[in-house]
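The values are calculated or read from the model by the stated rules, or taken from the named source; none is laboratory data. Since the model is a prediction, treat every value here as computed from it, not as a measurement. No Cβ is skipped: glycine too gets one built from the backbone with ideal geometry, and neighbour counts run over all protein chains shown.
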Amino acid sequence: MSKERFNSDIPKDKLEVKPGRGNNQYIGAPYIINELNEICGQGRWGFEVVTGPDVICEDLLPGGSGKNYHVVARCTGKLWVSWAEGEETQETVFVDAGCIRGIDAERPQAHIVAIKGCATDALKRCAKMLGRHFGVDIKDDAKSGNRDRGNSSNQGGSRDSASPAPERKRAIDVERSKDSAKDILYSLDFTPTQKATVIDRIKAMGINNTDFLCEFWNSCEFVPTKNEFYDYLKAAEKPYGYLAKMGFVGQDVANILARLDGITPPDAEGNLVSPGDFIVAYYEGADPKPDMKAFAELVTSLESGVTTEEPDEFD
């Protein structure tokens, strides 16, 4: 076993970013397990939970469309690693605690998330003691109080114009879930009042909050800013709002947008018109204003005019 590997850099493709508070970089448990197997060898390391897991806090709090269970679980884990030193075998033991909050509308599921998560967290914290290769340099800004809030690194003075802009972190796609939507709102650093206003504006469009937030996040190449979200929301409000006025809600909205994709007629300059721009132009130019049936008939007529067959030959 080469102990030098413990202080080697983490491969950049193994660092992940997720929405949430503070420093959003992390390495997953599969990476840690695979690296321990490769560096130490199977059977030459092990991990076990020595105390717990114990549920230390449980609350039923408002969230999303109803109330969610917030369960916090804690445990202590022990990681041991052995290697040969000459003719003798040395063993080193690392012990640390893991603590995770599980959130779900169903109480049993919130418990499962918290209990399984705290064991994984304990493994990660123990592995950090081995060196940089296991994330010892990844700091939790949310816990240390160093969360970036604007130009906080240079309070009381102007930013040096010669300083290079910080490299933006890439956004990792999230699964559609209420927890993902909450993490996205946390990542965008909304105040409670701003968060309530955003949720109300999304609801006014007649679409699902979770769907909209997760679709926004997954459309971003880099971790977005609050202003970028507001631009996205503002651009969506008109077409979604007009669809709501025509009577489209929920899945009907997704269905009509999917049907419009690729069949909208080009503009005067021959450029492709997005479904959103088409909806806005059509609704604002219609007199009287169309209802759901009239707009669906228009989409059907557009679909019937789309040619899917390719020509047999080209001139």
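Things worth noting here:
- Against the criterion of being surrounded by 14 or more Cβ atoms within 10 Å (Cβ to Cβ), among the aromatic types (Phe, Trp, Tyr) and free of Cβ contacts under 8 Å to residues at least 12 places away in the same chain, Tyr230 qualifies.
- Some residue of the stretch 247-255 being touching a residue at least 12 places away in the same chain (Cβ under 8 Å) and over 17 Å from Gly206 (Cα atoms): no
- Qualifying residue in the stretch 233-250 (condition: of a type in the set (Phe, Trp, Tyr), assigned to a helix (DSSP H, G or I) and in the same structural domain as Glu215 (by TED's automatic domain parsing)): yes
- Residue ID - farthest from the chain's Cα centre (by Cα), chosen from residues in the stretch 185-214 that are outside any helix (DSSP H, G or I) and over 22 Å from Leu257 (Cα atoms): Thr191
- Taken over the stretch 271-284, the criterion of being within 12 Å of Tyr242 (Cα to Cα) and of a type in the set (Gly, Ala, Ser) is satisfied by Gly276, Ala281.
- Check on Gly250, surrounded by fewer than 15 Cβ atoms within 10 Å (Cβ to Cβ) and farther than 23 Å from Ile199 by Cβ: no
- Residue within the stretch 292-302 that is part of a loop (DSSP other than H, G, I, E, B), surrounded by 10 or more Cβ atoms within 10 Å (Cβ to Cβ) and at pLDDT 85 or above present: no
- Check on Met205, touching a Pro at 6+ places or on another chain (Cβ under 7 Å) and not assigned by TED's automatic domain parsing to the domain that holds Gly102: no
- Any chance Leu60 is out of contact with any Asp or Glu (no Cβ under 7 Å at 6 or more places or on another chain), closer than 30 Å to Ser219 by Cβ and at pLDDT below 85: no
- The single residue among Ala286, Ala236 that is modelled with pLDDT of 80 or more, within 27 Å of the chain's Cα centre (by Cα) and surrounded by 12 or more Cβ atoms within 10 Å (Cβ to Cβ) turns out to be Ala236.
- All positions within the stretch 7-38 that are modelled with pLDDT under 85 and either among the basic types (Lys, Arg) or in contact with a strand residue (DSSP E or B) (Cβ under 9 Å, 6 or more places away or on another chain) (or both): Lys12, Lys14, Leu15, Glu16, Val17, Lys18, Arg21, Asn24, Gln25, Tyr26, Ile27, Gly28
- Breaking point among (1) surrounded by 14 or more Cβ atoms within 10 Å (Cβ to Cβ); (2) closer than 21 Å to Ala204 by Cβ; (3) modelled with pLDDT of 85 or more; (4) of a type in the set (Lys, Arg), for Arg259: (2)
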